[in-house]
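To start, the structure itself, in structure tokens.
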Amino acid sequence: MIEGRFSIIPAAYVLLLREADDGTEVLLQLRQNTGFMDGHWASAAAGHVEAGETASAAALREAREELGLTDADLHFVTAMQRTNGPEPIEQRIDFFFAARSWSGDPAIQEAAKAAELRWARLGELDALPGPVVPHERYVLDGLHARTLAPYVTFGFEPGRG
């Protein structure tokens, strides 16, 4: 890291979506033992982009590692630049992908990190037995409202984002 500059950490998220009789559902996992947002619901598969890896390749890798999927038809949803406050040590760029078709049956592959998988209807996330990771909730709410832009920010002071 160059003195006085922050680093940017990339991550990829996979939102598995399906249509139900009463609306669109998303598959979420209940985080545990990760050290970040444990006890919160989150994307069923997500993780850091590794050196030399594209965001879409990372998304497919995470879907395989966390859910056991052998393939997914990914579509780019949004990129989110986020920070943790006015004096950030780092910033993050999150690439969100959605899939409405995939190969394999989603199942927890890392039981130490995910307590449960559950389909939840977009727009009714408050019915879950716990909160959703805030920046992911922002994306899911935007998907439901059909107001999500290709680039969004999260956590910046008003007027800076």
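A few points about this structure:
- Verdict on Phe76 being surrounded by 21 or more Cβ atoms within 10 Å (Cβ to Cβ), at pLDDT 95 or above and either more than 16 Å from the chain's Cα centre (by Cα) or under 16 Å from Leu17 (Cβ atoms) (or both): no
- Lone qualifier among Ala145, Ala114 - being touching a residue at least 60 places away in the same chain (Cβ under 8 Å) and of a type in the set (A, V, I, L, M, F, W, C): Ala114
- Scanning the stretch 35-69 for residues that are touching a helix residue (DSSP H, G or I) at 6+ places or on another chain (Cβ under 7 Å) and among the hydroxyl-bearing types (Ser, Thr, Tyr) gives a single hit, Ser43.
- Scope the stretch 50-87; condition touching a residue at least 40 places away in the same chain (Cβ under 8 Å), over 22 Å from Val132 (Cβ atoms) and part of a loop (DSSP other than H, G, I, E, B); matching residues: Gly68, Pro86
Residues are listed down the side, and each one gets a yes or a no for (1) in contact with a strand residue (DSSP E or B) (Cβ under 8 Å, 6 or more places away or on another chain); (2) under 18 Å from Gln81 (Cβ atoms); (3) surrounded by 19 or more Cβ atoms within 10 Å (Cβ to Cβ); (4) β-branched (Val, Ile, Thr):
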residue: Ile8; (1), (2), (3), (4): yes, yes, no, yes
residue: Arg18; (1), (2), (3), (4): yes, no, no, no
residue: Asp21; (1), (2), (3), (4): no, no, no, no
residue: Gln29; (1), (2), (3), (4): yes, no, yes, no
residue: Gly35; (1), (2), (3), (4): no, no, no, no
residue: Ala42; (1), (2), (3), (4): yes, no, yes, no
residue: Val49; (1), (2), (3), (4): yes, yes, yes, yes
residue: Gly52; (1), (2), (3), (4): no, no, no, no
residue: Leu60; (1), (2), (3), (4): yes, no, yes, no
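- The set of residues in the stretch 88-111 that are in contact (Cβ under 8 Å) with a residue 40 or more places away in the chain and charged (D, E, K, R) comprises Glu90, Arg92, Asp94, Arg100, Glu110.
- Subset of the stretch 15-37 that is assigned to a strand (DSSP E or B) and of a type in the set (Asp, Glu) - its residue that is nearest to Arg61 (Cα to Cα): Glu25
- Residues of the stretch 118-147 that are in a loop (DSSP other than H, G, I, E, B), within 20 Å of Ala20 (Cβ to Cβ) and not charged (D, E, K, R): Leu122, Gly123, Leu128, Pro129.
The values are calculated or read from the model by the stated rules, or taken from the named source; none is laboratory data. None of these values were measured; they are calculated from a predicted model. Here the Cβ is made from the backbone with ideal geometry for all residues, glycine too, and neighbour counts use every protein chain on show.
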